[in-house]
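**Student:** I'd like to ask some things about the structure below.
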Amino acid sequence: MFSIKKPLRISAFSSLLIGITALQSCSTSKSEQISTNITVSSEGPYFSGSNSFFSEYSVDLTSLISEKPLAADDIKSIKLSKASVQHIENSDFDFNQFNSASLQVVSDNAPMTSIAILNPIPENATTTIQINASKEADLAEYFKESSFTYLFDLDFKEDDYSDAMSFSLDLEFIIEYN
Amino acid sequence: MNTLKAVLFLFVFSFSSILSFSQEGGDKLIGVWEPSNGKAKVKIEKIGSKYYGKIVWLKEPIDPETGKPKVDRNNPDESMRSTPIKGYRMLKDFEYTGKKEWSEGTIYDPENGSTYSSTIKMKDENTLDIRGFIGVSALGRTDVWKRLQMPKRK
């Protein structure tokens, strides 16, 4: 009795698998490149070693991608693909006064995540640098919150007694969504 | 009605005072600390409502293999392995839970690239018990950190 029903069960199971696969192919995720500009700043003086610059970022899921307003559950992953940093204002500035630069994100509800690093800063760097994006860091959790903080760290070679410094960051992300 | 308002005001005032006192207690963690092995000094600071510890000094800052400043060569994310160890935040995301304890954080060991769950207990103003563990707190190790004493100005 049991041996007669077994092939039927296998057949039903196979049909179910085919059905699930078909459903999955209908709901394939899409991706889009998005970009944003932020300004990070902090007040001096700055001491030799790592100094931090901050920027609060408000998330607006309704205008994050061009195709449609997103809901938090639509976001599958967001990865940084490109980050360039430009110093604002000071004309005699150049990035050679720093050893390295890194970018993190931080919020009250998600663990701090490092998303880009440039070490060492090339000797020919002037007023703009490109920092290398992490290939693994996923910011989906951050973009599901109403806001989070960008934290830009610069490792100063020497003490600097400027009153304040600001940097403009052009960031590009690849977002995967449903 | 006025009595009710006064009671409500007192309640709100007391609650906010307790909250503010509790947060101030958490800030006692801020400062520069030295782990028991004496290999590093870690500056703990507050970002938002959480506490983070950044390596600000290394006994041996140069990697003998490369002759260059040490980098995070064991980072599980290969693309981030050029991150300098000096300046690295090895303590992350600690929340003050009251009673001189901070929890929900992680501690990173740059020597093997492992991240452990971690809790901090302040034994006294200048001594911390920092416990790193995997899974449950019982399966872990505690290290004693001492606050770096700044020389007093005469």
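**Student:** How about segment B:37-72: which of its residues are assigned to a loop (DSSP other than H, G, I, E, B), exposed (fewer than 15 other Cβ atoms within 10 Å of the Cβ) and more than 9 Å from chain A (Cβ to nearest Cβ)?
**Tutor:** Across segment B:37-72, the qualifying residues are B:N37, B:G38, B:K39, B:K59, B:E60, B:P61, B:D63, B:P64, B:E65, B:T66, B:G67.
**Student:** Is there any pair with a first residue in segment A:31-52 that is surrounded by 19 or more Cβ atoms within 10 Å (Cβ to Cβ) and a second that is at pLDDT below 95 and part of a strand (DSSP E or B) whose Cβ atoms are under 6 Å apart and which are 6 or more apart or on different chains, and what are they?
**Tutor:** What qualifies is A:Y46/A:D160.
**Student:** Being touching a Gly at 6+ places or on another chain (Cβ under 7 Å), farther than 20 Å from A:P111 by Cβ, at pLDDT below 95 and open to solvent by 20 Å² or more (accessible area, probe 1.4 Å) narrows it down to one residue among B:S22, B:S16; which is it?
**Tutor:** B:S22 is the lone residue from the list that is touching a Gly at 6+ places or on another chain (Cβ under 7 Å), farther than 20 Å from A:P111 by Cβ, at pLDDT below 95 and open to solvent by 20 Å² or more (accessible area, probe 1.4 Å).
**Student:** Let me ask something additional. Of these, A:E67, A:E89, which one is open to solvent by 50 Å² or more (accessible area, probe 1.4 Å), on the phi > 0 side of the Ramachandran plot and either at pLDDT below 95 or polar (S, T, N, Q) (or both)?
**Tutor:** One residue alone meets the criteria, A:E89.
**Student:** Taking segment A:100-122, which residues are within 25 Å of B:K68 (Cα to Cα) and either touching a His at 6+ places or on another chain (Cβ under 6 Å) or facing chain B (nearest Cβ under 7 Å) (or both)?
**Tutor:** A:S100, A:S102, A:S114, A:I117, A:N119
**Student:** Picking from B:P151, B:P76, which residue would you name as being more than 14 Å from every other protein chain (Cβ to nearest Cβ), open to solvent by 50 Å² or more (accessible area, probe 1.4 Å) and out of contact with any strand residue (DSSP E or B) (no Cβ under 7 Å at 6 or more places or on another chain)?
**Tutor:** The conditions single out B:P151.
**Student:** Within segment A:138-152, can one find any residue that is closer than 22 Å to B:K54 by Cβ, within 14 Å of another protein chain (Cβ to nearest Cβ), modelled with pLDDT of 95 or more and touching a helix residue (DSSP H, G or I) at 6+ places or on another chain (Cβ under 9 Å)?
**Tutor:** Scanning segment A:138-152, I find at least one residue that is closer than 22 Å to B:K54 by Cβ, within 14 Å of another protein chain (Cβ to nearest Cβ), modelled with pLDDT of 95 or more and touching a helix residue (DSSP H, G or I) at 6+ places or on another chain (Cβ under 9 Å), so the answer is yes.
**Student:** Something else now. Quick check: anything in segment A:98-121 touching a residue at least 60 places away in the same chain (Cβ under 8 Å), open to solvent by less than 30 Å² (accessible area, probe 1.4 Å) and in contact with a Phe, Trp or Tyr (Cβ under 7 Å, 6 or more places away or on another chain)?
**Tutor:** The answer is yes, given that some residue of segment A:98-121 is touching a residue at least 60 places away in the same chain (Cβ under 8 Å), open to solvent by less than 30 Å² (accessible area, probe 1.4 Å) and in contact with a Phe, Trp or Tyr (Cβ under 7 Å, 6 or more places away or on another chain).
**Student:** Answer yes if at least one residue in segment A:71-81 is part of a loop (DSSP other than H, G, I, E, B) and without any contact (Cβ under 8 Å) to a residue 40 or more places away in the chain, and no otherwise.
**Tutor:** Yes, that holds for at least one residue.
The values are calculated or read from the model by the stated rules, or taken from the named source; none is laboratory data. Bear in mind the structure is a predicted one, so any value in this text is a computation, not a measurement. Here the Cβ is made from the backbone with ideal geometry for all residues, glycine too, and neighbour counts use every protein chain on show. Surface accessibility is based on the protein's heavy atoms, side chains included, excluding ligands, DNA and RNA. Shrake-Rupley method; radii C 1.70, N 1.55, O 1.52, S 1.80 Å.
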